[in-house]
Amino acid sequence: MSQEAILFKGIDEPGLNTLEVYKRRGGYGDVFRKALSTPRDALVTELVESGLRGRGGAGFSMGKKASFMPKGAMDKYLVCNADESEPGTFKDRELMTKSPHMLIEGMIIGAYAAGATRSFIYIRGEYAQQADILDAAVAEAYADGLLGKHILGSDHSLEMLVHRGAGAYICGEETGLLDSLEGKRGNPRLKPPFPANQGLYQGPTLINNVETLATIPHILGMGAAEYAKIGVENSTGTKLISVSGHVKRPGNYEIELGMPVREILYDLCGGIEGDREVKFYFPGGSSSPVLTGDDLDLPYDFDSMAKAGSMLGSGAIIVVDDQTSVVDVCLKLAQFYKHESCGKCTPCREGTQWTVKMLERIIAGTATPMDLDIMASVQTQIIGNCLCVLGDAMAMPVGSMIEKFRPEFEAYIEEARARSERELIASLEEPGEVPLVGSLV
Amino acid sequence: MSEGTAAENVGTTGLPEGDLTLGQHVGSGEIPRYEGGSRTPGWDDPVDLTKDPAVIPDPADCPVPEELRAEIERHMALYPDARSASIPALMAAQKVHVWCSPTAIEQVACVMRLTPGYLAAVATFYDMLETSPVGRHRVYVCTNISCSLRGADELLLRVQEETAGDPDFNVRGFECLGACDIAPMASVDDVYVGPVELDEVPDLVAQIRAGTEVLPEKQIIRRKSVDPNAVSTS
Ligand SMILES: Cc1cc2nc3c(=O)[nH]c(=O)nc-3n(C[C@H](O)[C@H](O)[C@H](O)COP(=O)(O)O)c2cc1C
Ligand code: SF4
Ligand code: FES
């Protein structure tokens, strides 16, 4: 397995964010022109055959999703999901900063394949610098006839707008995103209807991640069959991965899917900080169940991660070393989902709140071992019982931590209890203090 | 994001702190309550039921700064449905008023022809829209997992100390900002910097006060995407 450079090829070339340099490197060239004169069905077939799976988290076949778009004359939309709020993920930021035209070119072709004539890039509001870069790139593309009516004299017309969010993880969930883009609170919608049938402004809508869309020109450039040769079965192509936490070189890397995790962490990222050991890692963003230091030889691809009980998700690996307490990480994680739960459904809204409360109790030394079982059961009651998967996105990793590190949780509970009792007794022994009845709860 | 400000006051014990009619001690029999008597956060600030709901403001008695009006109208024209402009419009108003004050919301409501209630509902949903008064310099210190593994909690404390008492600052712990490669990091008025060392904080704060570029060497925009040291052996 090797490090392949497709999306990241020459990514650091100065000025790549401008149309001039992008075009000099072959952007919006023959491949682009040819795509816009290829019949739509043939284009969709090519995308299906490439095996490209969505890079935003769910890993659904990009071509298949495009094929769900209904035919016929009506307002159809393409929405690029640039919300990138999954903790640990920062790859789309890199693409948008360095090569915004790669995304725009992919969107123009993607919109053509899906029959969409209006497109939006929903970017998280915190990425203001990237949104400015995209705004400038979109303006350049309009001025050059690459966007607007009859692109380069073809039948295809496309409007494109960069829409800035204002800080809400749930707006990365595709239907929450649509509500937010319609100017509402970003509450997820009940599915079905799926966005391909009834999405933005009730029209058929194709939603894809930045990386997914930016890959399209490369697939057409090398041909679907060639692209499908990269990677492994069911996980074709390259993947941008964001590695963070306790590695020596945190950053974005482009790998051929199927590279062993150990190679990613030790060769690309230079190993673990202080040459310590990996205790556990999140293989696909904070929403993925954790894997441990024993799972480092797994190939990094969709199926292997699923088989190991986790998921590849957005391709964000968060590494935690053996000096860190699993309880502390668990609390950070639960706090995030508690804060981001939109509150629409009870298991998620209450489950995230109670998980945080129970973890705080564990840390404060007022929990009993039974609380651990209650906490674990809260997770199983969330899974599968919510409107969107944000609830599951907390319950799965928290459940996996309790399952894999139960002795550590139990020891933590005992130690924290002993500590808080010692502190209490010490405070009672101070002269002048009146003992409090019932304080040893 | 779904709860009000009182929820932010819930400390590590899970019990509310701050402006509460709090009983003496945990376990002393007194149950801590929020103002208004509720035990759960979010109900401490009840709506005034004697008032009628605010209606769409009449342009005649809702003056809107000309530039703000023009900007909101520009955003509205960009979408098939003008209502899609609610976030950009609130952001624009926040730029003028520093936070989404009742006046700011009223002005957006007036231009967009929406009720203030609708816009307040939107504003309370999103982290970047402030629904209580804040300082004008936004310093978001990421305290999510990857940053906290690299010292983000200490960084936040340090920044809070350094800016304590300065009403110009809005220092917040924030969820993952999508820059874990430069952990621990902060977004300073939309400019991402990191990794921020604790001893760099005084410089950083001084630069914000002086209005100069913040930690120029540490800005993410200058960071290379590909690490030349990263090579795979097989
Ligand atoms: C809570 C939640 C947050 C999500 N956040 C993102 C995100 O930030 N970016 C993204 O591309 N997809 C995100 N997704 C996945 C999207 O719902 C959707 O599957 C994806 O954008 C589809 O694009 P793809 O097929 O190209 O991956 C999120 C999903 C959930 C449930
Ligand atoms: S699972 Fe959570 S985030 Fe998703 S709709 Fe329900 S309450 Fe909202
Ligand atoms: S955890 Fe801090 S930027 Fe991601």
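The values are calculated or read from the model by the stated rules, or taken from the named source; none is laboratory data. From a predicted model like this one, the values you see are computed outputs, not experimental measurements. Cβ placement follows ideal geometry from the backbone for every residue including glycine, while neighbour counts extend to all protein chains displayed. Please note that ligands, DNA and RNA were not included when accessible areas were found on the heavy atoms of the full protein model with its side chains. Shrake-Rupley method; radii C 1.70, N 1.55, O 1.52, S 1.80 Å.
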Selection from the range A:1-47 of residues within 17 Å of A:Met96 (Cα to Cα) and part of a helix (DSSP H, G or I) yields A:Leu19, A:Glu20, A:Val21, A:Tyr22, A:Lys23
Of the listed residues (A:Pro204, A:Pro283), the one being closer than 26 Å to B:Cys147 by Cα and either surrounded by 22 or more Cβ atoms within 10 Å (Cβ to Cβ) or more than 19 Å from the chain's Cα centre (by Cα) (or both) is A:Pro283
Exactly one of A:Ala411, A:Ala393 is open to solvent by less than 50 Å² (accessible area, probe 1.4 Å) and away from ligand 1 (no atom under 16 Å from the Cβ), and that one is A:Ala411
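Among the listed residues A:Met358, A:Met370, A:Met375, identify the single one that is open to solvent by 40 Å² or more (accessible area, probe 1.4 Å) and either at positive phi or more than 16 Å from ligand 3 (Cβ to nearest atom) (or both).
A:Met370
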> Has the range A:355-377 got any residue that is within 16 Å of ligand 2 (Cβ to nearest atom), at pLDDT 95 or above and not β-branched (Val, Ile, Thr)?
Replying inline: no
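Can you tell me which residue in the range B:54-105 is most open to solvent (accessible area, probe 1.4 Å), limited to those that are of a type in the set (Val, Ile, Thr) and in contact (Cβ under 8 Å) with a residue 12 or more places away in the chain?
B:Val55
A quick yes/no check of all residues on (1) of a type outside the set (Phe, Trp, Tyr); (2) outside any helix (DSSP H, G or I); (3) closer than 18 Å to A:Ile123 by Cβ; (4) within 16 Å of ligand 2 (Cβ to nearest atom):
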site: A:Glu159; (1), (2), (3), (4): yes, yes, yes, no
site: A:Asn187; (1), (2), (3), (4): yes, yes, no, yes
site: A:Leu190; (1), (2), (3), (4): yes, yes, no, yes
site: A:Asn197; (1), (2), (3), (4): yes, yes, no, no
Of the conditions (1) free of Cβ contacts under 8 Å to residues at least 60 places away in the same chain; (2) within 16 Å of ligand 3 (Cβ to nearest atom), the single one that A:Ser85 does not satisfy is (1)
The lone condition B:Val139 fails out of (1) within 27 Å of A:Gly274 (Cα to Cα); (2) within 13 Å of another protein chain (Cβ to nearest Cβ); (3) modelled with pLDDT of 95 or more is (1)
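Being more than 16 Å from ligand 2 (Cβ to nearest atom) and of a type outside the set (Phe, Trp, Tyr) narrows it down to one residue among A:Ala334, A:Ala411, A:Ala393; which is it? Talk me through it step by step, then tell me what you get.
Numbers: A:Ala334 fails: more than 16 Å from ligand 2 (Cβ to nearest atom); A:Ala393 fails: more than 16 Å from ligand 2 (Cβ to nearest atom).
Only one candidate qualifies: A:Ala411.
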Checking A:Thr324, A:Thr346, A:Thr380 in turn, the sole residue that is within 16 Å of ligand 3 (Cβ to nearest atom) and out of contact with any strand residue (DSSP E or B) (no Cβ under 6 Å at 6 or more places or on another chain) turns out to be A:Thr324
